[in-house]
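This report concerns only the one structure given below.
The values are calculated or read from the model by the stated rules, or taken from the named source; none is laboratory data. Just so you know, these numbers come straight off a predicted model, no measurement behind them. Don't worry about glycine lacking a Cβ; one is built from the backbone with ideal geometry, like all the others, and counts go over all protein chains shown.
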Amino acid sequence: MLVDLKNSLADGHLLALQVENDIRWQVMENNTYRWLTLNHTVQTVMDKQDTTSLLFPHQQPLVSHLPALPPNPKVLEIGLGGGSQFRFLKQLYPAAKYKVVEPSQIVIELFQQYFNPSNLALHCALEMGQNYLSHTQQTYDLILSDIYSHQSSSMNLLTQDYCQLLIEKLAIKGVVFINLMPETKFEIALLMANFSAKCMKLLYSDKISGYRNHVMLYQKIS
């Protein structure tokens, strides 16, 4: 069941507060949910009774449009948040070789303490996504790009160079999942142009109704 951000997260109490430069990270919970906020914007929600479920509308294409992956896929997630996609995919693919790239040590620590109830082993690089992509020699069957800046446009992060690195680090038949919050339709067109290489096939692109999020899935076909 999808979470109703307005009503379902009422009556929460504070579990943790961490300040990182101009960012306030808070972990909140009520009887049903536990969630992480960045400057009061909800970043992730975990159902305390069903911890592997995906509760945000922008995550549903991972359920309905993601092609089947190999039994032991190589997965890269750029941006950990509260780890909802990590928990979901590790349940689907327990043998997945899963790498997370997250630039905030605080986010990693909050995940381990509050959002990892099964104590899943987390292999995490503490750096920016583009930095990791520029030096890793690994290719991946699935790359999740879910990066957010509270200070600037999504396109300041989803640059042409970044998108090219995503393409290069995909294995053949590999899929990239991109969640962004564009300010204009031009940003969507620009991002699609960045993935216009002949080797890339668009599987899904849609704005999430009622939210700023726009989700895309591309597959590398050659």
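Every residue, every condition in (1) under 24 Å from Val215 (Cβ atoms); (2) at pLDDT below 95; (3) touching a Lys or Arg at 6+ places or on another chain (Cβ under 7 Å), yes or no:
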{"residue": "Ser8", "(1), (2), (3)": "yes, yes, no"}
{"residue": "His13", "(1), (2), (3)": "no, no, no"}
{"residue": "Ala16", "(1), (2), (3)": "no, no, no"}
{"residue": "Glu20", "(1), (2), (3)": "no, yes, no"}
{"residue": "Gln26", "(1), (2), (3)": "no, no, no"}
{"residue": "Thr44", "(1), (2), (3)": "yes, yes, no"}
{"residue": "Gln49", "(1), (2), (3)": "no, no, no"}
{"residue": "Thr52", "(1), (2), (3)": "yes, no, yes"}
{"residue": "Leu62", "(1), (2), (3)": "yes, yes, no"}
Residues within segment 170-213 that are over 18 Å from the mean Cα position of the chain (by Cα), part of a strand (DSSP E or B) and farther than 27 Å from Lys99 by Cα, tallied: 0
Unmet criterion (only one of (1) modelled with pLDDT under 95; (2) in a helix (DSSP H, G or I); (3) of a type outside the set (S, T, N, Q)) for Gly81: (2)
Residue list for segment 129-157, filter: among the aliphatic types (A, V, I, L, M), modelled with pLDDT under 95 and either in contact with a strand residue (DSSP E or B) (Cβ under 6 Å, 6 or more places away or on another chain) or under 25 Å from Val27 (Cβ atoms) (or both): Ile147, Leu157
Check on Ser134, more than 26 Å from His13 (Cβ to Cβ), hydroxyl-bearing (Ser, Thr, Tyr) and buried (at least 17 other Cβ atoms within 10 Å of the Cβ): no
Lone unmet requirement of (1) part of a strand (DSSP E or B); (2) exposed (fewer than 15 other Cβ atoms within 10 Å of the Cβ) for Asp4: (1)
The listed residue being closer than 22 Å to Cys124 by Cβ and in a loop (DSSP other than H, G, I, E, B), out of Pro71, Pro94: Pro94
Subset tally (residues that are surrounded by fewer than 16 Cβ atoms within 10 Å (Cβ to Cβ), at pLDDT 90 or above and either within 16 Å of Ile167 (Cα to Cα) or hydroxyl-bearing (Ser, Thr, Tyr) (or both)) for segment 179-203: 6
